[in-house]
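Scroll down for the structure; my scribbles are underneath it.
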Amino acid sequence: MNLAERSVNFVVAALKSYGPSRLKKYFWDKEFSGTKWDFIDDTAGDCVYESLEKYARNGSILDLGCGPGNTANEIAFNSYQNYVGVDISEAALEKGRKRTLESGRSAKNTFVQADFINYEPIQKFDIILFRESMYHVPMGKIEATLDRLSNYLKQDGVFVVRMFTGDDWEGGKRNKPRPLAMIKILETEFAVVEKRVYERRGDPQVLVLRPAPAKK
């Protein structure tokens with residue numbers, strides 16, 4: 001890849017995370033309409049499901065940045081009653097809706113097209129999930145974003161954040177500084193209910209959080 005291609009990719013990546021909603025939707029729709037993200041279509045057995053099934057308490061889940069509906073269709077059917085998936089890409093949501101129809105979960109799963117950074121829920125949830133989507137929250141807005149969303153947690157509700165913190169490459173493994181810095185913010189500003197670090201590709205971490213007592 002030459003310098004020009006790297007520069008274009010860098011700009012597109014920045015716009016997908018931090019650009020105006022209209023541009024973010026354009027780029028994500030383009031990618032989900034193609035084959036770029038086909039490799040994530042099957043994540044059955046992902047490490048985040050253990051925590052979700054534990055804390056959902058057969059209740060409700062809000063999945064911010066839900067992509068093609070993996071969580072909605074791979075989590076144990078009897079572990080929840082109501083799921084709302086939010087994503088900026090209508091192309092991704094169409095995949096999620098199709099999978100939901102095929103899995104017989106249409107009565108439980110709902111999908112909403114919106115930029116989750118500004119999304120205002122219309123109900124309270126047992127879990128608000130950021131499955132990789134925390135990467136797209138500006139570092140300086142993490143605390144404010146979760147503070148705002150805390151209003152939509154039920155009593156004893158939790159945030160669940162799943163992030164890859166390592167890169168696998170030919171020379172071994174290396175840490176990813178930005179996700180680790182994000183986790184540090186989360187651990188400092190919120191009450192950690194549970195933290196799990198998994199020794200597998202990408203070194204995923206799953207944090208279960210509640211608003212700190214001083215913020216209530």
Original post:
Residue check: is GLU74 charged (D, E, K, R), under 16 Å from SER51 (Cβ atoms) and in contact (Cβ under 8 Å) with a residue 24 or more places away in the chain?
Top reply: yes
**OP:** Give the range 125-142 a look and list any residue that's crowded, with 17+ Cβ neighbours inside 10 Å and part of a helix (DSSP H, G or I), or say none.
**Re:** SER133, MET134, HIS136, ILE142
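Every read-out reported here was derived from the displayed coordinates using simple, explicitly stated rules and does not represent laboratory data. None of these values were measured; they are calculated from a predicted model. Neighbour counts run over all protein chains shown; Cβ positions are idealised from the backbone, glycine included.
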